[in-house]
Amino acid sequence: MAELQEVQITEEKPLLPGQTPETAKTHSVETPYGSVTFTVYGTPKPKRPAILTYHDVGLNYKSCFQPLFQFGDMQEIIQNFVRVHVDAPGMEEGAPVFPLGYQYPSLDQLADMIPCILQYLNFSTIIGVGVGAGAYILSRYALTHPDTVEGLVLINIDPNAKGWMDWAAHKLTGLTSSIPEMILGHLFSQEELSGNSELIQKYRNIITHAPNLENIELYWNSYNNRRDLNLERGGAVTLRCPVMLVVGDQAPHEDAVVECNSKLDPTQTSFLKMADSGGQPQLTQPGKLTEAFKYFLQGMGYMASSCMTRLSRSRTASLTSAASIDGNRSRSRTLSQGSESGTLPSGPPGHTMEVSC
């Protein structure tokens, strides 16, 4: 595989006192399904997987993940892991518009591009972080390459193919709504869109005036033509690594994520339902998501000495007590913590943690 492009850039974020800019390298490599671009931050750590992210429709890695990975408490995580941010073909900044008639890869084919990325970087395992279409792509990759995936954080995943009713609704919506409006309806809740906050205005402007809108529509069509993952609890088709499912309590995909949770191994799955986060919790609640991610990594055996937040420390005793009472029984439980915050304690194995935060 030939390297097509390598560009050094500097991450755009305010620096802390004494902190130096983090160098990133952007690469493009050829795959059986076309070229794919990805940006690498940090250096590989011995015996640690890379964190690999995949964004949703209408976004690229920066607009999808920058608020999360630039969050202050996230710095403790990114110092311990190399990160690979993948841009779906044609979604990277400055991407040319594909020619008329270009056959955009299916989501399955996008997943099949990931081994080319890992081979190019000589990385053996990853922890995947995906949103929406990106969560589906990483799940598909994990099903076909389970030995290379140590864990998955899946935000707003819909593992199901569109049914006839979904198709009919999609077609009717397409008659009255533009592509940007349909994508915004996929990303955000109707309450958020009606409120027209500064965040919504920002992302509406990003998508509506995107110079690669034709490419975005192709990615959108591939997402809507996705196959069913056919996940089955206890069956042959399942995710065999630790999984943290994340969804906002007002997200358009809440029901789909709940259904996905019911199809996964409860001893390997954590379910984080975030209050006051809308459709994109990595944008609106990066602090809560960062804290949950830390606990997830601790449960996998990484970052055992990670600092806890003040709020987490104040709740450690009660959460630890709850875990010890439950013992090793395998069942689903809900920690209702209102809208203040949610934590994902690294308690004993054998629990699906349904956290309302």
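The values are calculated or read from the model by the stated rules, or taken from the named source; none is laboratory data. Just so we're clear, the structure is a prediction, and the values are computed from it rather than from any experiment. All Cβ positions, glycine included, derive from the backbone under ideal geometry; neighbour counts span all protein chains shown. Side chains included, ligands, DNA and RNA excluded: accessible areas come from the protein's heavy atoms. Shrake-Rupley method; radii C 1.70, N 1.55, O 1.52, S 1.80 Å.
Taking the Cα centre of the range 18-109 as origin, work out the dipole magnitude from +1 charges on Lys and Arg Cβ and -1 charges on Asp and Glu Cβ, in debye rounded to 20.
So the magnitude is around 340 debye.
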- Net length gained if the chain between residue 249 and residue 100 were fully extended (0.36 nm per residue, minus Cα distance): 49.7 nm
- Message: Residue by residue through the range 81-89, what is 3J(HN,Hα) from phi via Karplus (6.51 cos²θ - 1.76 cosθ + 1.60, θ = phi - 60°)? Round to whole Hz and write x for glycine and proline.
- Response: 9, 6, 10, 10, 9, 8, 9, 4, x
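Using per-residue counts of other Cβ atoms within 10 Å, averaged over each peptide, order 92-100, 212-220, 151-159 from highest down.
Details: 92-100: 12.8, 212-220: 20.0, 151-159: 25.6.
Going from most to least packed, we get 151-159, 212-220, 92-100.
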- Message: Heavy atoms only, 1.4 Å probe, whole protein assembly: order 300, 113 by accessible area, highest first.
- Response: 300, 113
- Query: Averaged per residue, what accessible area in Å² does the range 138-285 show with a 1.4 Å probe, protein chains only?
  - Reply: 44
- Task: Enumerate the calculated ³J(HN,Hα) couplings along the range 66-80 in order (Karplus 6.51 cos²θ - 1.76 cosθ + 1.60, θ = phi - 60°), each rounded to whole Hz, writing x wherever the residue is Gly or Pro.
- Result: 4, x, 6, 7, 9, 5, x, 5, 5, 4, 5, 6, 6, 6, 9
- the range 277-297-the range 30-55 distance, computed between alpha-carbon centres (Å): 21
- Quick one: what are the phi-derived ³J(HN,Hα) couplings along the range 263-269, Karplus 6.51/-1.76/1.60 with θ = phi - 60°, whole Hz, x for glycine and proline? 9, 9, 5, x, 7, 10, 10
- With the contact rule set at Cα under 8 Å and sequence spacing of 6 or more, what percent relative contact order holds for the range 127-284? 29
- Message: Please list 25, 294 from largest to smallest accessible area, probe radius 1.4 Å, with all protein chains kept in place.
- Response: 25, 294
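On a 29 Å Cα-Cα criterion, which of the cross-link pairs 47/162; 202/273; 45/202; 45/263 come out too long? Could the numbers behind the result be given before it?
Working: 47/162 40 Å; 202/273 25 Å; 45/202 36 Å; 45/263 33 Å.
Pairs exceeding 29 Å: 47/162; 45/202; 45/263.
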- Task: From the P(r) of the range 25-303, can you give the percent of Cα pairs sitting at distances over 27 Å?
- Result: 34
- Message: Need one word for the range 180-225: rounded, prolate or oblate. Basis is the Cα gyration tensor (sqrt eigenvalues a ≥ b ≥ c); a/c below 1.5 gives rounded, then a/b vs b/c decides.
- Response: oblate
